[in-house]
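These notes are about the structure you will find just below.
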Amino acid sequence: MSTTLEERLGFDKICDLVAAECTNPMAVRMAHEMSFSTDYDRVMLNLHQTEEFRQILLLENSFPSQDFFDLTEELTRLRVGNTVIELESLVRLRNSLHTLGECLRFLLRDDKEGYPHLRAMAQKVELDPSITKMLSKLIDDRGELRDDASPMLADIRSQMRRKSAEVDTKISRTLAHAKHEGWAPENGEVTIRNGRLVIPMLDTHRRKIKGFIHDESATRQTAYLEPSEVVELNNDLRELEFAERHEIQKILAHFSDMIRPQILSLVNAYWFLARIDFIRAKARFALTLHAGLPNVSNETQIDWHEARHPLLMLAFQKNHNGEEVVPFDIVLNEQSHILIISGPNAGGKSVCLKAVGLIQYMLQAGMLVPIRETSECGIFDNLFIDIGDQQSLENDLSTYTSHLQNMKELLSQASAQTLFLLDELGGGTEPRSGCAIAEALLEELYLRGSYGVVTTHFSDLKLLADTYPGIANGAMLFDTHAMRPLYRLSIGHPGSSFAFEIARNVGFPAEVLVAAEGKVGTEMLNFEHQLQQMELDKRDIERRQQELEVSDNFLNEVIQKYQRLNEQLESKKHEILSQARSQARQILADANRTVEQTISDIKTAQAEKEKTAAARASLHQQVMKVEEEQMAHDEQLQELKKSSPAAIVQPQSVVREDDRVEGPVVVGDIVRIDGNDSYGEVVEIKGKKAVVESNSLRMTIALSRLTKTKKQHLPTDKRSSQNSRFQSIYDDINEKRKFFSPKLDLRGHRAEEALDEVSRFLDEAQLLGEKELRILHGKGYGILKTLIRQQLSGNHDVESFHSERLELGGDGITVVHLK
């Protein structure tokens, strides 16, 4: 059975999910009618409208969310003369026009200029306010026709209430009398039969009261009687009900005649209401996917970062308990427009291929996509995919024949504006012939400048990247130790199928695998292993380099902090010493005055013993006071010296001793690897190359790059002790960085709580080296925004701050730049 492009990509499931978010039937149809568009302006309009509504969902809480009814069919019926709107439709019309008016008021307010594309939609809607006023006069808040909808209706309903009260009084009195006489059951109540109020009577006493029998119970022991004294009243009520229905019909007919000339504008207004519901559904779905608006240009290009398969993301959110989809980066441009992905089975090649197709289709259908917002996207004229088993019993087509027909169709349409996605290219037939046809097909598509992603296991196709500069290899990485795929795409090198490793992992017979390896040859296996090892070594080196950069940055920050502290302490020390000298001079001056005064007192007292002793005691107290103050100053200076950094440790150069030894390199030797001054142990010799193990890594290196040393054991890296000092710091920083988000949502927080959160947020960001942050506080009355910005103004680590761009949230978000 043939499938459409949308079904092969999974876009039909996306449409179903968006439709499930809609409440308006017309919006549901819009969701199912989403399709691939090549009109750049139309695509951008749809994207901007959806992104603006995403911002409304994030930042606003006053946009209406109910009564998105579709009255288009009813209004179309009313275009015919003498047709009358149904009362139920009138109620739905009133409620939905109220919602429509709320939408228009929200989007057309002066402070909502941050949503220009939705505002432009609202400006095209023409709605006569007299219609909503008339509906408010006709329908009350309970959704019922008002009594004063017309004077006649008010009079009729007034009479009905009086008649009903009179009937209730008389029939209740009659039932009470019947119970008293024992003619009616003790628990009997007034009920309704054939639309008339009746009382239950015991069958043996049914003739005791005059009236009309309307019904009897199944056991025929109870008869339901309408007393004759209320029959006439009930008849009057029935006539009033007929008059009420007739008057309601006149009111509805009058309203229908009034709105008939404006039905076209009303239909247009309901299209707007459905469109708003549809855009809201797309925005809600985008929030579920954590999708956003990337940079889109009217060119053929793909430069995506952190892309994820949308349907796989939803499946993981539902079933995988916190696990996340592994993102991938991909680049297709004029310099490299065809990517050939290889790797193990079940390693994610087909998922990556489908993700590229589905994300591009969603983008050109006007939907936000799950890639980083700084990604660059383009517009393609056509999208082609060949994936899966498409054999057809009805058309007598084999799998390979169906693939060939798809390739034929691709060649008939392919151009420089085509994006093609081919899964397992060349498979399904004899390998040499299939590979040759696949190779010729890719060469033709390359010459036409078409863009594409291809998955394959054929080595000949992988080698095309060496021949054509516009073709690149990509690999789905595989963990050779844990024997499992990593689902990570790496561009630049081809991948290995790891058929033998996977076979061993599933318990395939060893003797059969040995025989198979002999048929393939060790050179081929070693080539694939070396490719994988090179990629893993490259990633390990990049990780180590990143750690060293973090270490250097951290050490520089520590040195700078110590230097600032030292300068502050030196300044403080000079200040304290200056103050101490001043105080010492004052103490000496006071001491001199005390001594002179003491001498004077002794002379005046003519050396009387008691006064002399008192003068000496006073002098002694002054001396003790001076000594205590001096000791206090000494202790202060001593504490200052202890807290002052003695010296800033400067990095020392590493001196390497000359440890080379003449002679050939053999297995077991400790060698130095030229070019990076690292050591390793030779574990295997392969001709002019050697396999060297260093830092738990095995590398195949030319013998000419190895220097034999006299060492008996691998030396300890002199940098390891320095690295170990910072390892715990690295771990803490990495752990914090893993869970840190540069966005802080403070909506709904009290001012005091919000300011504490901002303080902690800034401290953690400064520790992790973040330079740009976003604080989401909403708009409201602007009080929380003012308090937060006042706090930011007084923070020395904040370089600047400003409001977010209008299309991304405006004054509801503050962007903070740290020093």
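The values are calculated or read from the model by the stated rules, or taken from the named source; none is laboratory data. What you are looking at is a predicted structure, and each value in this text was computed from that prediction instead of being measured. Every residue, glycine as well, gets a Cβ built from its backbone with ideal geometry; the counts of neighbours run over all protein chains shown. The protein model used for the area step is the full one, side chains on, heavy atoms only, and it has no ligands, DNA or RNA in it. Shrake-Rupley method; radii C 1.70, N 1.55, O 1.52, S 1.80 Å.
Sort through Leu421, Leu442, Leu411, Leu447 and tell me the only one that's under 16 Å from Ile341 (Cα atoms) and in a helix (DSSP H, G or I).
Values: Leu421 fails: in a helix (DSSP H, G or I); Leu411 fails: under 16 Å from Ile341 (Cα atoms); Leu447 fails: under 16 Å from Ile341 (Cα atoms).
The match here is Leu442.
Taking the residues in region 747-784 that are within 24 Å of Val558 (Cβ to Cβ), of a type in the set (A, V, I, L, M, F, W, C) and modelled with pLDDT under 85 as candidates, determine which candidate is surrounded by the fewest Cβ atoms within 10 Å (Cβ to Cβ).
Step by step, filter region 747-784, then rank; the result is Leu768.
From the list Arg284, Arg308, which residue is out of contact with any Gly (no Cβ under 7 Å at 6 or more places or on another chain), closer than 30 Å to Val454 by Cβ and of a type in the set (D, E, K, R)?
Working: Arg284 fails: closer than 30 Å to Val454 by Cβ.
Of Arg284, Arg308, the one residue that is out of contact with any Gly (no Cβ under 7 Å at 6 or more places or on another chain), closer than 30 Å to Val454 by Cβ and of a type in the set (D, E, K, R) is Arg308.
Quick check: is even one residue across region 137-150 open to solvent by less than 40 Å² (accessible area, probe 1.4 Å) and closer than 18 Å to Ser265 by Cβ?
In the first step, residues of region 137-150 are kept if they are open to solvent by less than 40 Å² (accessible area, probe 1.4 Å); the result is 138-140, 143, 145, 149-150.
Among the residues that remain, those that are also closer than 18 Å to Ser265 by Cβ are: none.
Checked region 137-150: no residue is open to solvent by less than 40 Å² (accessible area, probe 1.4 Å) and closer than 18 Å to Ser265 by Cβ.
Specify the residue that is farthest from the chain's Cα centre (by Cα); the eligible residues are those in region 302-351 that are among the small types (Gly, Ala, Ser) and open to solvent by 60 Å² or more (accessible area, probe 1.4 Å). Steps first, please.
Initially, region 302-351 is screened for residues among the small types (Gly, Ala, Ser), giving 307, 315, 322, 336, 342-343, 346-348, 350.
Now drop any that are not open to solvent by 60 Å² or more (accessible area, probe 1.4 Å), which leaves 322, 346.
Values: Gly322: 14, Ala346: 27 Å.
The extreme case among them is Ala346.
When you go through Ser704, Ser720 one by one, which is the residue that is modelled with pLDDT of 75 or more and part of a helix (DSSP H, G or I)?
One residue alone meets the criteria, Ser704.
Taking the conditions exactly as written (in a helix (DSSP H, G or I), among the hydroxyl-bearing types (Ser, Thr, Tyr) and at pLDDT below 95), does Ser350 satisfy them or not? Give the derivation first.
Details: in a helix (DSSP H, G or I): yes; among the hydroxyl-bearing types (Ser, Thr, Tyr): yes; at pLDDT below 95: yes.
It is true that Ser350 is in a helix (DSSP H, G or I), among the hydroxyl-bearing types (Ser, Thr, Tyr) and at pLDDT below 95.
Regarding Glu51, is this residue under 30 Å from Asn382 (Cα atoms) and loosely packed, with under 15 Cβ neighbours inside 10 Å?
No.
Given the structure, is Glu299 in contact with a Phe, Trp or Tyr (Cβ under 7 Å, 6 or more places away or on another chain), among the acidic types (Asp, Glu), surrounded by fewer than 20 Cβ atoms within 10 Å (Cβ to Cβ) and not in a helix (DSSP H, G or I)?
Numbers: in contact with a Phe, Trp or Tyr (Cβ under 7 Å, 6 or more places away or on another chain): no; among the acidic types (Asp, Glu): yes; surrounded by fewer than 20 Cβ atoms within 10 Å (Cβ to Cβ): yes; not in a helix (DSSP H, G or I): yes.
Criteria not met by Glu299.
Condition first: under 14 Å from Ile330 (Cα atoms) and aliphatic (A, V, I, L, M). Now tell me which residues in region 279-314 satisfy that.
Result: Ile302, Ala307.
When region 158-205 is examined, which residues are found to be under 19 Å from Glu232 (Cβ atoms), open to solvent by 60 Å² or more (accessible area, probe 1.4 Å), in a helix (DSSP H, G or I) and of a type in the set (D, E, K, R)?
Arg161, Arg162, Glu166, Asp168, Arg173
Which residues, taken from region 459-491, are within 23 Å of Arg308 (Cβ to Cβ) and either at pLDDT 80 or above or open to solvent by less than 10 Å² (accessible area, probe 1.4 Å) (or both)?
Passing the criteria: Ala472, Asn473, Gly474, Ala475, Met476, Leu477, Phe478, Arg488, Leu489, Ser490, Ile491.
Only one residue in Glu88, Glu102, Glu74 is within 22 Å of Gly778 (Cβ to Cβ) and not in a loop (DSSP other than H, G, I, E, B), so which one is that?
Numbers: Glu88 fails: within 22 Å of Gly778 (Cβ to Cβ); Glu74 fails: within 22 Å of Gly778 (Cβ to Cβ).
The conditions single out Glu102.
Within region 423-458, track down each residue that is open to solvent by less than 40 Å² (accessible area, probe 1.4 Å) and either of a type in the set (Asp, Glu) or in contact (Cβ under 8 Å) with a residue 40 or more places away in the chain (or both).
In the first step, residues of region 423-458 are kept if they are open to solvent by less than 40 Å² (accessible area, probe 1.4 Å); the result is 423, 425-427, 434-435, 438, 441-442, 445, 449-456.
Of everything in region 423-458, those that are open to solvent by less than 40 Å² (accessible area, probe 1.4 Å) and either of a type in the set (Asp, Glu) or in contact (Cβ under 8 Å) with a residue 40 or more places away in the chain (or both) turn out to be Asp423, Leu442, Leu445, Gly449, Ser450, Tyr451, Gly452, Val453, Val454, Thr455, Thr456.
What about Glu799, is it open to solvent by 60 Å² or more (accessible area, probe 1.4 Å) and modelled with pLDDT of 85 or more? If you could, list the steps in order and put the result at the bottom.
Values: open to solvent by 60 Å² or more (accessible area, probe 1.4 Å): yes; modelled with pLDDT of 85 or more: yes.
Spelling it out, Glu799 is indeed open to solvent by 60 Å² or more (accessible area, probe 1.4 Å) and modelled with pLDDT of 85 or more.
Do any residues in region 99-124 that are without any contact (Cβ under 8 Å) to a residue 24 or more places away in the chain have Cβ atoms under 6 Å from those of residues that are open to solvent by less than 10 Å² (accessible area, probe 1.4 Å), where the two are at least six apart or on different chains, and which pairs are they?
Close Cβ pairs (under 6 Å, with a partner that is open to solvent by less than 10 Å² (accessible area, probe 1.4 Å)) amount to Leu104/Ala122; Leu107/Leu118; Leu107/Ala122; Leu108/Ala122; Arg119/Leu107.
Pull up region 54-79, narrow it to residues that are surrounded by 14 or more Cβ atoms within 10 Å (Cβ to Cβ) and acidic (Asp, Glu), then point me to the one that is farthest from the chain's Cα centre (by Cα).
Applying the filter and picking the extreme gives Glu74.
Would you pick out the residues in region 206-230 that are touching a residue at least 24 places away in the same chain (Cβ under 8 Å) and open to solvent by less than 60 Å² (accessible area, probe 1.4 Å)?
Ile209, Thr222, Tyr224, Leu225, Glu226, Pro227, Val230
Among the residues of region 113-136, which ones are open to solvent by less than 80 Å² (accessible area, probe 1.4 Å) and under 14 Å from Ile56 (Cα atoms)?
Of everything in region 113-136, those that are open to solvent by less than 80 Å² (accessible area, probe 1.4 Å) and under 14 Å from Ile56 (Cα atoms) turn out to be Gly114, Tyr115, Pro116, His117, Leu118, Arg119.
Mind listing just one residue for me: the one in region 418-474 that is polar (S, T, N, Q) and within 35 Å of the chain's Cα centre (by Cα) and, of those, nearest to Phe380 (Cα to Cα)?
Thr418
Only one residue in Asp155, Asp110 is of a type in the set (Asp, Glu), open to solvent by 70 Å² or more (accessible area, probe 1.4 Å) and more than 22 Å from Leu240 (Cβ to Cβ). Which one?
Values: Asp155 fails: more than 22 Å from Leu240 (Cβ to Cβ).
None of the other options fit; the residue is Asp110.
Say whether the condition of being in contact with a helix residue (DSSP H, G or I) (Cβ under 6 Å, 6 or more places away or on another chain) and part of a helix (DSSP H, G or I) is met by at least one residue in region 31-40.
Looking for residues that are in contact with a helix residue (DSSP H, G or I) (Cβ under 6 Å, 6 or more places away or on another chain) and part of a helix (DSSP H, G or I), one finds at least one in region 31-40, hence yes.
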